[in-house]
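Colleague: Here's a structure for you.
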Amino acid sequence: MAATFDLTLDCADAPLLAAFWKTALGYVDEPPPAPFTTRAEWLAQFDLPEDESEDDGAWLCDPEGVGPRLSVLRVPEPKTAKNRLHIDVRVPGHGGPDERWARVRAESERLVEAGGSVLAEFEGHHVVMADPEGNEFCVAAAPA
């Protein structure tokens, strides 16, 4: 049996990045673990330092339960180099190469409107982008 995995993204502004990634992936806020009814209630059990708050993290999940969970956590140090691991956002749909590329371009434009930026475009294949805090990711067509 294969192991499951979650992804964790360090950041400076968890609410900002969580909003972007919910838009990019179609994810939703993950409910707190049982028996807790709110994230604040769940976090209260950890006796967080006074300078930490609920806004220092966000927990996202695929509403269909298929994709990995994504945690977005505030850290004190800034991003200083290229990611060693990045997310590939795969755009669904069928059709010929031109149709698939048009969907990739449309998705990258949608993500620019959501706060991302285009770093490079590889015509007909994929677009390298950055989220609002500079974390690199790619937009490409889903495998046919």
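Colleague: For the range 79-95, give me the residue count where each residue is assigned to a loop (DSSP other than H, G, I, E, B) and closer than 30 Å to A14 by Cβ.
Modeller: Of the range 79-95, the ones assigned to a loop (DSSP other than H, G, I, E, B) are 79-86, 92-95.
Next, only the ones that are closer than 30 Å to A14 by Cβ stay: 79-86, 92.
Matching residues across the range 79-95 total 9.
Colleague: Condition first: in a helix (DSSP H, G or I) and either touching a Phe, Trp or Tyr at 6+ places or on another chain (Cβ under 6 Å) or of a type outside the set (G, A, S) (or both). Now tell me which residues in the range 17-34 satisfy that. Outline the logic, then answer.
Modeller: The first filter runs over the range 17-34 and keeps only residues in a helix (DSSP H, G or I), leaving 17-25.
Those that are in a helix (DSSP H, G or I) and either touching a Phe, Trp or Tyr at 6+ places or on another chain (Cβ under 6 Å) or of a type outside the set (G, A, S) (or both): L17, F20, W21, K22, T23, L25.
Colleague: How many of the residues making up the range 92-116 are among the hydrophobic types (A, V, I, L, M, F, W, C) and in contact with a Ser or Thr (Cβ under 9 Å, 6 or more places away or on another chain)?
Modeller: 2
Colleague: Going by the structure shown, is G93 touching a residue at least 40 places away in the same chain (Cβ under 8 Å) and at positive phi? Outline the logic, then answer.
Modeller: Working: touching a residue at least 40 places away in the same chain (Cβ under 8 Å): yes; at positive phi: yes.
Yes: the conditions hold for G93.
Colleague: Could I ask something else about it? Looking at the range 106-117, I want the residues that are assigned by TED's automatic domain parsing to the domain that holds A18 and have a partner that is of a type in the set (S, T, Y) with Cβ atoms under 8 Å, at least 6 apart or on another chain. Which pairs are those?
Modeller: Listed pairs, sorted by first residue: none to list.
Colleague: Now for a different question. I need every pair where a residue in the range 120-132 that is on the phi < 0 side of the Ramachandran plot has its Cβ under 6 Å from the Cβ of a residue that is of a type in the set (F, W, Y), sequence separation at least 6 or different chains.
Modeller: M129/F137; D131/F20; P132/F20
Colleague: May I ask you to list pairs of residues, at least six apart or on different chains, whose Cβ atoms are under 7 Å apart, with the first in the range 1-28 being at pLDDT 95 or above and the second being of a type in the set (S, T, Y) and part of a loop (DSSP other than H, G, I, E, B)?
Modeller: As it stands, the answer is W21/Y27, since those pairs meet every condition given.
Colleague: Looking at (1) surrounded by fewer than 15 Cβ atoms within 10 Å (Cβ to Cβ); (2) at pLDDT 90 or above, find the lone condition where R74 falls short.
Modeller: The failed condition is (1).
Colleague: Quick one: in the range 40-61, which of the residues that are out of contact with any helix residue (DSSP H, G or I) (no Cβ under 8 Å at 6 or more places or on another chain) and not in a loop (DSSP other than H, G, I, E, B) is surrounded by the most Cβ atoms within 10 Å (Cβ to Cβ)?
Modeller: C61
Colleague: Of all residues in the range 96-122, which are at pLDDT 95 or above and either of a type in the set (S, T, Y) or in a loop (DSSP other than H, G, I, E, B) (or both)?
Modeller: S108, A114, G115, G116, S117
Colleague: Please enumerate the residues belonging to the range 1-16 that are assigned to a loop (DSSP other than H, G, I, E, B) and either under 14 Å from the mean Cα position of the chain (by Cα) or of a type in the set (A, V, I, L, M, F, W, C) (or both). Full working, then the answer.
Modeller: Going residue by residue through the range 1-16, those that are assigned to a loop (DSSP other than H, G, I, E, B) are 1-6, 12-13.
Correct list: M1, A2, A3, F5, D6, A12, D13.
Colleague: Sticking with this structure for a sec: Which of the residues spanning the range 123-144 are assigned to a loop (DSSP other than H, G, I, E, B) and touching a Gly at 6+ places or on another chain (Cβ under 8 Å)?
Modeller: In the first step, residues of the range 123-144 are kept if they are assigned to a loop (DSSP other than H, G, I, E, B); the result is 123-125, 131-135, 142-144.
Passing the criteria: D131, P132, A142.
The values are calculated or read from the model by the stated rules, or taken from the named source; none is laboratory data. These numbers come from a predicted model, not from an experiment. Note: ideal-geometry Cβ built from the backbone for every residue, glycine included; neighbour counts use all protein chains shown.
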